[in-house]
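Before any comments, here is the structure.
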């Protein structure tokens with residue numbers, strides 16, 4: 001249960017309503033985290049395009065970006081973001097079998113060395129204290145350009161914010177990503193966060 005109530009409908013500015021509609025179109029449902037940002041409209045209006053650029057722009061595959069976010073969120077313990085990002089990885093064209101094995105990326109033959117390098121950094125970068133090392137970047141440089149490495153780090157950093165936001169507020173997980181998570185990861189507890 002969220003620790004704050006959503007903003008009243010009449011408190012939403014036309015710009016904020018437009019931003020929420022864009023978030024809903026991008027994700028396939030209206031994310032409660034975005035709604036809660038509506039209490040500070042300037043935050044919501046600047047955050048939405050920032051996050052959309054990180055997750056939807058650049059050179060890296062959107063499915064991989066979402067799996068990076070899922071692993072970083074797992075390291076931080078944010079089940080809300082874990083459910084969202086695995087759901088979005090599949091929506092972005094990721095193979096559902098591969099998405100289902102994202103937390104087994106080190107041993108699953110569904111992942112290649114480039115993906116393992118990115119997911120290793122996500123796991124290290126999502127921890128507190130941060131566990132990223134020069135060795136992580138040496139591995140990344142064998143597979144990715146500097147721009148692509150910046151994209152990977154941007155996804156991890158974005159979810160550092162979102163993991164804290166959603167866990168602190170106790171953001172309630174929406175039905176669609178909850179259903180996906182329950183079907184795809186039956187052994188995990190999705191009842192909170």
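Neighbour counts of other Cβ atoms within 10 Å put 103, 40 in the fewest-to-most order 40, 103.
Relative contact order of the stretch 60-184: 37 percent, from C-alpha pairs under 8 Å at least 6 residues apart in sequence. Listed by Cβ neighbour count within 10 Å, with the fewest neighbours leading, 141, 101 appear as 141, 101.
Label sites at residue 112 and residue 2, each approximated as a point 7 angstrom past Cα along Cα to Cβ, lie 4.1 nm apart. From the largest down, the stretch 132-178 spans 39, 21, 15 angstrom on the principal axes of its Cα atoms.
With neighbours defined as other Cβ atoms within 10 Å of a residue's Cβ, the residues 67, 37, 1 order from fewest to most as 1, 37, 67. Share of pairwise Cα-Cα distances greater than 23 Å in the stretch 4-144 is 41 percent (whole percent). Label-to-label distance for residue 142 and residue 182 is 4.2 nm, based on points extended 7 Å past Cα in the beta-carbon direction. A simple spin-label model places pseudo-atoms 7 Å from Cα toward Cβ; at residue 10 and residue 39 they are separated by 2.0 nm. Entry for the stretch 65-173 at q = 0.14, 0.17, 0.20, 0.24 Å⁻¹: log10 I(q)/I(0) = -0.50, -0.75, -1.03, -1.39, Debye formula applied to identical alpha-carbon scatterers, no solvent contribution.
Values quoted throughout were computed directly from the atomic coordinates according to the rules given, and no laboratory measurement underlies them. Since the model is a prediction, treat every value here as computed from it, not as a measurement. Methodologically, a virtual Cβ is constructed for each residue, glycine included, from the backbone with ideal geometry; neighbour enumeration extends over all protein chains shown.
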